[in-house]
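Okay, so here's the structure we're looking at.
Throughout, read-outs are computed from the coordinates displayed, never taken from laboratory work. Fair warning: this is a prediction, and the values are worked out from it, not measured in the lab. Here the Cβ is made from the backbone with ideal geometry for all residues, glycine too, and neighbour counts use every protein chain on show.
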Amino acid sequence: WTSIYGSTSTSTPTSTPTSTPTQDPAKPGWVSPLDRGDALMDAGRSAQAIEAYREALAGELEAEALGRAQFQLGVALFRLREYTEALATFAGLGADPQARFWYARSLARMGRISEAIEAFEALTPQVAPLKTSIRARYLAATLLEDEGAGDRAKALYAGIASDPNFPEQAQQALWRIGWLAWRAGDVREARGHFQRMAQDEPDLVGALKPRYWAARAAGAMGLTRQARRELLTLAQEWPLSYYGWRAQQRLGEDALVASREVVSVPKTLTEALDPARLERAALLLEAGYLESVEVELKPLLGRPCALADCVRLGSLLVGIGDYHRAQRLVVGTYPELLGRGLRPGYEALFWLAWPPAYADFVRGSLPASNRVDPALVWAIMREESGFRPAVMSSAGAMGLLQLMPETARRTAVRVGADALEDSEMLFVPRTNIALGSAYLDYLAERFPHQTSAVIAGYNAGPNAVAGWRKGPAGKLEDDVWVEEIPYAQTRSYVRRVLRSLHVYRGFY
């Protein structure tokens, strides 16, 4: 059940960093407490949103607004892990399907697994929208799987996998069926499910996971040459993807390689960005007028751009210290090209996608133990904040490395740094990087020789990871261990950071 329901995390596994809106929703000026609560939720400020929703509920609301306020209050409480109160709030909404769905989620978070399974399975298509019902059945199956009821879980997954109306959920269910077979040692059956999943997946990047595990299953079946051919294809075609990197590892070629397949650069059907504006921005940057550079570039942001214009615009953004928008610009425009591998003439594009942001602070903050290298700090920073120094998550994690204030304070004491008297100091890049690097060093000391566990510990907390490494799990091969991480968000997080770590170590 923990594949869906996480626990306390150092870096907020259940939340996404959010920026503060232009108008502070905590201040007067909003039309109603309900609107203020919604704005606070959007800004990731759940505790203040709860106050606003309670204020709204204390007044007079129309029936629709009343239901909305109660539901949003429940979600805010859930975000803050106040599950008992969230459960009661959702229960008060009666037969509303979404409230019943969140009611079941709250039960699972509280450890009341049998009740959660029953609540999820009760959300049939007769009482809930079909998409909600499908999702509820999937979550019920994950709970059953963790409870050891594999046959019941497989039956639910099979029903979802056969539904053509929801292909994304069908693919997720098919993966779980295949992984149950792999876990049980039935690698032939697992390979069949993974191959079907790869064939049905319309997204080339999405197909990499089942392709990799189909190849691994072939190896486990004794089909050594076939497995090697399939892994080699992945490694050559997708060297900068997570599964391409894993394939390189299996082949004994853990080095950054360029794609050996000719990849066409996507053509963008758009006019060139205003060259005069780009030129003015470059001159202003050279003269040191950073605010004026941003004024010049602002009208160009959010527009599709050809590769040369994207690189020039991204480089100007980096020039004013905006690594985030530069990175999002190229990643959003050329995701497939970036996964395929470095190509001569396109180095600048990859530099923008994986920038050595705040390099002086990163290199100057490395612990003396040599357990942490710049590549790991950059890989974590890229995933945690997207290089945004002033970002805060809905759970309160702050800054470039998304540190929780209490974790930062404990780390400062541990390494003998100045006391963190004001949490706002975590928005200062030098302070955030120094404390984040020190915390990574602590995790690397606790989980030596397993970088995946260090990364997982940063996201889900070291105590959770220590539990995942106990017993037979501690002897699993690393690629299998990552797939077995119980928290779905942490599992995905570890894969993304490992991919970036591979790229950073190859580039820098």
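Using C-alpha pairs below 8 Å separated by at least 6 residues, the relative contact order for segment 19-158 is 13 percent. Ordering of 206-213, 326-333 by packing is 206-213, 326-333, highest average first (other Cβ atoms within 10 Å, averaged per residue).
Panel order for Ile134, Ile320, Ile113, by other beta carbons found within 10 Å of each beta carbon, from fewest to most: Ile113, Ile320, Ile134.
A straight chain from Asp200 to His449 at 0.36 nm per residue would run longer than the Cα-Cα distance by 85.9 nm.
The relative contact order of segment 359-507, computed from alpha carbon pairs under 8 Å that lie at least 6 residues apart in sequence, is 24 percent. Per-residue ellipticity at 222 nm computed for the chain from its helices equals -19000 deg cm²/dmol, with DSSP H segments shorter than 4 residues left out and the rest contributing -39,500 (n - 2.57). Cross-link pairs exceeding 32 Å in C-alpha to C-alpha distance, out of Lys131/Lys470; Lys209/Lys470; Lys154/Lys209, comprise Lys131/Lys470. Each of Gln126 and Glu477 was given a label point 7 Å from its Cα along the Cα-to-Cβ line. The distance between the two points is 4.7 nm.
Residues Asp479, Asp35 in ascending order of nearby Cβ atoms (within 10 Å, fewest first): Asp35, Asp479.
Remark: relative contact order (the chain) = 16 percent; criterion is Cα-Cα distance under 8 angstrom and separation of 6 or more residues.
Using the Cα coordinates of the chain, the gyration tensor eigenvalues translate into equivalent-ellipsoid semi-axes of 35, 33, 24 Å, sorted from longest to shortest. Label-to-label distance, Ala95 versus Ala348, with points set 7 angstrom from Cα along the beta-carbon direction: 6.3 nm. The C-alpha radius of gyration of segment 275-353, expressed as a fraction of 2.2 N^0.38 Å, stands at 1.07. For the peptides 485-491, 54-60, 163-169, residues were scored by their other Cβ atoms within 10 Å and the scores averaged per peptide; the highest-first order is 485-491, 54-60, 163-169.
Listing Arg228, Arg137 from fewest to most neighbouring C-beta atoms within 10 Å gives Arg228, Arg137.
For Ser492 and Thr84, the difference between the fully extended length at 0.36 nm per residue and the C-alpha to C-alpha distance is 144.1 nm.
The distance between label points at Ile113 and Glu51 comes to 3.9 nm (points 7 Å beyond Cα on the Cα→Cβ vector).
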